[in-house]
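The values are calculated or read from the model by the stated rules, or taken from the named source; none is laboratory data. Every value quoted in this text rests on a predicted model; they were computed, and no experiment measured them. Every residue, glycine among them, receives a Cβ derived from its backbone with ideal geometry; neighbour counts consider all protein chains shown.
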Amino acid sequence: MYIIITILALIALGWLSWFGRRELERRRRKRMSDNAYNTALTLWNFARVVKDHLDEISRGRAEVIDFTNISVPTGTGYNVCLELAGYGFRIHAVPEKYDRTGRVSLYVDNALTVRAWDHCGRNASAQDPEYTGDDLPTETNASQLDSAQPEALIQPDKESIKARHASRPRVIKAERRQPKPKAES
């Protein structure tokens, strides 16, 4: 009798641990998805501000960018980097801990299009597909998107998060990159 109860208890314990592990994995993936979505939204808002300031300079209304009013935002679970070059900019966001705080790397430039792809913790690029808010972006064809229906691109279950002020000073990293040689075809 004790053997049967012990076996049933072990089976129940094994099932409970499997179910608990599956639930923890589901919650971790949800948190990573929310981190990527909130960071993408923050990057897009920040890119709008930077583009507005650069437009003011190009129109001659300002001589320099006033960084007292602009600070690089923090992304939940993401490291954010701003690169300025002439009248252009690039903003990169990579997960702080790959596969813990996020999987997709994010990229925004003058076009104000958030691009994302899973680069295993490395920077995303302008060649990556547009971020749609899905867990992992997929290749989309421009003809598949109907510009008359922009509400189809908005995910109603995601809540927008306002960027909060950085509690610690942020360093703007600028690096010069050599253009990649084009592959001959």
Query - Per-region count, region 80-105, residues within 14 Å of the chain's Cα centre (by Cα) and either over 30 Å from R26 (Cβ atoms) or buried (at least 19 other Cβ atoms within 10 Å of the Cβ) (or both) - result: 14
Requested in this report: Kindly list the number of the only condition in (1) modelled with pLDDT of 80 or more; (2) over 30 Å from L24 (Cβ atoms); (3) not hydrophobic (A, V, I, L, M, F, W, C) that fails for N38.
Outcome: (2)
Query raised in the report: Quick one: is V64 loosely packed, with under 15 Cβ neighbours inside 10 Å, over 9 Å from the mean Cα position of the chain (by Cα), outside any strand (DSSP E or B) and at pLDDT below 85?
Result: yes
Query raised in the report: What are the pairs, 6+ residues apart or on separate chains, where a residue within region 117-128 that is without any contact (Cβ under 8 Å) to a residue 60 or more places away in the chain and farther than 15 Å from N79 by Cα has its Cβ under 9 Å from a residue that is of a type in the set (S, T, Y) and part of a loop (DSSP other than H, G, I, E, B)?
Result: W117/S125; W117/Y131; A126/T113
Report task. Would you mind stating whether N35 is surrounded by 12 or more Cβ atoms within 10 Å (Cβ to Cβ), in contact with a strand residue (DSSP E or B) (Cβ under 7 Å, 6 or more places away or on another chain) and part of a strand (DSSP E or B)? Result -> no
